[in-house]
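Written out below as structure tokens is the structure these notes cover.
The values are calculated or read from the model by the stated rules, or taken from the named source; none is laboratory data. Being a predicted model, the structure only gives us computed values, none of them experimental. Cβ sites come from the backbone with ideal geometry, for glycine too, and all protein chains shown count toward neighbours. In case anyone asks, the SASA skips ligands and DNA or RNA and just uses the protein heavy atoms, side chains included. Shrake-Rupley method; radii C 1.70, N 1.55, O 1.52, S 1.80 Å.
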Amino acid sequence: MFHAPNVPRVRKRLRPAEAVVPRREGVKFEDVRLYLVERKMGRSRRNFLTQLARSKGFIVEDVLSDEVTHVVSEESQASSLWKWLKECALKNLPSVHVLDISWFTESMREGRPVAVETRHLVQDTLLTLPEGSTPTPVATVSQYACQRRTTTENNNKIFTDAFEVLAENYEFNEIEGPCQAFRRAASVLKSLPWAVRCLGATQDLPCLGEHTKAVMEEILQHGRSFEVERILSDERYQTLKLFTSVFGVGPKTAEKWYRRGLRSFSDILADRSIHLNRMQQSGFLHYEDISRAVSKAEARSLRNIIDEVVHAITPAAILALTGGFRRGKEFGHDVDFIVTTPELGREETLLPDIIDELKKQGILLYCEYQASTFDIAKLPSCRFEAMDHYAKCFLILRLEGSQVEGGLHRAEGDSRGWRAVRVDLVSPPVDRYAFALLGWTGSRQFERDLRRFAQVKRRMLLDNHALYDKTKKEFLAATTEKDIFAHLGLEYIEPWQRNA
Ligand code: CTP
Ligand code: MN
Ligand code: MN
């Protein structure tokens, strides 16, 4: 239930002495005062939208008063909204804009109050419109992860963990559709600033199908999903999960070993007919270390080490942290960097030079280097390929504990002064930098939806190399990630909001 505005409190707040409320810092639009109607919107969503608007420099009033210029509502019944507004007895009601959420959404996207148009208005049906001609409410959570903001804070972990198990199990069984469906559902729930407490709350959310909702219902009722528990105790799932946790072992190899009747690492290592490639050998050799998460402090230390190496090679070098740590994660399975130089073509020898230097320092435990196969003439690529064509290397480095602030993230009882860490380096030509950075920042789900959005909504092809407009038949240039979002007509999403 919403409440009638508390008029005396409003007056008090507006007395000159108290007119300067601390929250008003960072206000960009003095003339616009928003009020968000809680009914239908819900308290947590209202709080979220309020924070969002304030962060963009809008004034949002907690209480409806004559100061308010724009009322925003998600009420689909215009008549009931207007009935309530009239009960509030505002003196300036005729001059207030009464708007549906589309005006708010567009204003947030633009970062300024957009001009009020007829299509934004919630018409006073009691006066002007015949019943039934109210505007339909706009769906507010997009089906595309690139139109959602997803921080590392996950309010729905109990559901998303379960979905991840289901998705992975479908992946092991090569059933693509349901695998993607569960990944998308998990991604939608991760973006919510509130926890789902009843199934009714998911009514207006995209990407939640019958199967997903059934799993959620089970978790809401019993605290766990029986389907997920069955999978977790399944021998095949457990074995494939174990085998794919080894660096260099994908689902195909894991499956092959499983079919041969192998169930444990010792089974594999004892089987003389199995040939492990170099990557897998290192994977087993450093298993304990590299299956342990890398901490932010460890990532920072590695950044310093690489930074020094790169700049000794070429002072003008550009080094950027990317991957999960750029998205603000506390832990990762590896540390990802982009390195390049302002001088086009010079990047070709950069990785080999870096690798040489790491070897000289005695900290290179493993290196798989892939030279560039990038050919600008072969763009655009219509089929998205799992790997981009830039020069890259997958490394295992030795990290000394003395170089990590607060020490290493180590197993209990491990008294060595060092650990092995996985590091990825990619080296695009500098004119491809923005595309590479966007592609390597992830998350995987965010990237997938960026490409799907580009393709479906804009008839454009996006990958780690370029953005191509199929309608105009031309490439769209970009020097920053913001340029790419702008070309796609998307509101810019910060790296730390891409944890989809
Ligand atoms: N990536 C890519 N091409 C590759 C490898 C990775 O474009 N050949 C991208 C992935 O899409 C991902 C990002 O690089 O968005 C980082 O990959 P990865 O390190 O696997 O994932 P993170 O998001 O960094 O997760 P984690 O913290 O577990 O490392
Ligand atoms: Mn990573
Ligand atoms: Mn990586």
Given (1) away from ligand 3 (no atom under 16 Å from the Cβ); (2) β-branched (Val, Ile, Thr); (3) more than 21 Å from the chain's Cα centre (by Cα); (4) surrounded by 21 or more Cβ atoms within 10 Å (Cβ to Cβ), Thr479 misses just (4)
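Can you pull out every residue in the stretch 296-305 that is within 26 Å of Thr152 (Cα to Cα) and either crowded, with 21+ Cβ neighbours inside 10 Å or more than 11 Å from ligand 1 (Cβ to nearest atom) (or both)? It would help to see each step written out before you state the result.
From the stretch 296-305, those within 26 Å of Thr152 (Cα to Cα) are 296-304; that's our starting set.
Hits for the stretch 296-305 are Ala297, Glu298, Ala299, Arg300, Ser301, Leu302, Arg303, Asn304.
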Does Lys252 meet the test of being among the basic types (Lys, Arg), in the same structural domain as Leu166 (by TED's automatic domain parsing) and without any contact (Cβ under 8 Å) to a residue 40 or more places away in the chain? no
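Name the residue, out of Arg183, Arg148, that is open to solvent by less than 20 Å² (accessible area, probe 1.4 Å), within 23 Å of Leu488 (Cβ to Cβ), modelled with pLDDT of 95 or more and among the charged types (D, E, K, R).
Working: Arg183 fails: open to solvent by less than 20 Å² (accessible area, probe 1.4 Å).
The unique qualifying residue is Arg148.
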Just to check your reading of the model, which residue among Leu208, Leu192, Leu269, Leu276 is over 30 Å from Gly177 (Cβ atoms) and not in a helix (DSSP H, G or I)? Leu276
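Quick grid of which residues meet (1) away from ligand 1 (no atom under 16 Å from the Cβ); (2) without any contact (Cβ under 8 Å) to a residue 60 or more places away in the chain; (3) farther than 30 Å from Glu491 by Cβ; (4) not aliphatic (A, V, I, L, M):
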position	(1), (2), (3), (4)
Glu412	yes, yes, yes, yes
Val421	no, no, yes, no
Val426	no, no, no, no
Arg444	no, yes, no, yes
Phe453	no, no, no, yes
Val456	yes, yes, no, no
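Given the structure, is Glu217 acidic (Asp, Glu), at pLDDT 95 or above and buried (at least 17 other Cβ atoms within 10 Å of the Cβ)? Please lay out each step first, then the result.
Numbers: acidic (Asp, Glu): yes; at pLDDT 95 or above: yes; buried (at least 17 other Cβ atoms within 10 Å of the Cβ): no.
It is false that Glu217 is acidic (Asp, Glu), at pLDDT 95 or above and buried (at least 17 other Cβ atoms within 10 Å of the Cβ).
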If you go through Val339, Val335, the only one that is farther than 28 Å from Leu461 by Cβ and touching a residue at least 40 places away in the same chain (Cβ under 8 Å) is Val335
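When residues of the stretch 389-421 are filtered for being open to solvent by 20 Å² or more (accessible area, probe 1.4 Å), charged (D, E, K, R) and out of contact with any Ser or Thr (no Cβ under 8 Å at 6 or more places or on another chain), how many remain? Let's see the steps before the verdict.
Here is the first cut: in the stretch 389-421, the residues open to solvent by 20 Å² or more (accessible area, probe 1.4 Å) are 389, 394, 398, 400, 402-403, 405-418.
Narrowing further to those that are charged (D, E, K, R): 398, 400, 405, 410, 412, 414, 416.
The next check asks that each one be out of contact with any Ser or Thr (no Cβ under 8 Å at 6 or more places or on another chain); those that pass are 398, 400, 410, 412, 414, 416.
Of the residues in that region, 6 qualify.
Hey, among Val196, Val188, which residue is open to solvent by less than 40 Å² (accessible area, probe 1.4 Å), touching a Pro at 6+ places or on another chain (Cβ under 7 Å) and under 13 Å from Asn156 (Cα atoms)? Don't jump to the end; show me each part of the working.
On the way: Val196 fails: touching a Pro at 6+ places or on another chain (Cβ under 7 Å).
Val188 is the lone residue from the list that is open to solvent by less than 40 Å² (accessible area, probe 1.4 Å), touching a Pro at 6+ places or on another chain (Cβ under 7 Å) and under 13 Å from Asn156 (Cα atoms).
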Scan the stretch 353-377 for residues that are surrounded by fewer than 15 Cβ atoms within 10 Å (Cβ to Cβ) and not acidic (Asp, Glu) and jot them down. Lys359, Lys360, Gln361, Gly362, Tyr369, Gln370, Ala371, Thr373, Ile376, Ala377
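Kindly indicate whether any position in the stretch 314-323 is away from ligand 2 (no atom under 16 Å from the Cβ), farther than 27 Å from Glu494 by Cα and surrounded by 16 or more Cβ atoms within 10 Å (Cβ to Cβ). Don't jump to the end; show me each part of the working.
Step one: list which residues in the stretch 314-323 are away from ligand 2 (no atom under 16 Å from the Cβ), which gives 314-318.
Imposing the further condition that a residue be farther than 27 Å from Glu494 by Cα reduces the set to 314-315.
Checking which are surrounded by 16 or more Cβ atoms within 10 Å (Cβ to Cβ) leaves us with 314.
Looking for residues that are away from ligand 2 (no atom under 16 Å from the Cβ), farther than 27 Å from Glu494 by Cα and surrounded by 16 or more Cβ atoms within 10 Å (Cβ to Cβ), one finds at least one in the stretch 314-323, hence yes.
Would you confirm, using the coordinates I've provided, whether Gly489 is touching a helix residue (DSSP H, G or I) at 6+ places or on another chain (Cβ under 9 Å), closer than 23 Å to Arg148 by Cα and open to solvent by less than 20 Å² (accessible area, probe 1.4 Å)? Steps first, please.
Values: touching a helix residue (DSSP H, G or I) at 6+ places or on another chain (Cβ under 9 Å): yes; closer than 23 Å to Arg148 by Cα: yes; open to solvent by less than 20 Å² (accessible area, probe 1.4 Å): no.
Judged against the criteria, Gly489 is not a match.
Name the one entry in Phe172, Phe226 that is surrounded by 14 or more Cβ atoms within 10 Å (Cβ to Cβ) and at pLDDT 95 or above.
Numbers: Phe226 fails: surrounded by 14 or more Cβ atoms within 10 Å (Cβ to Cβ).
Answer to the selection: Phe172.
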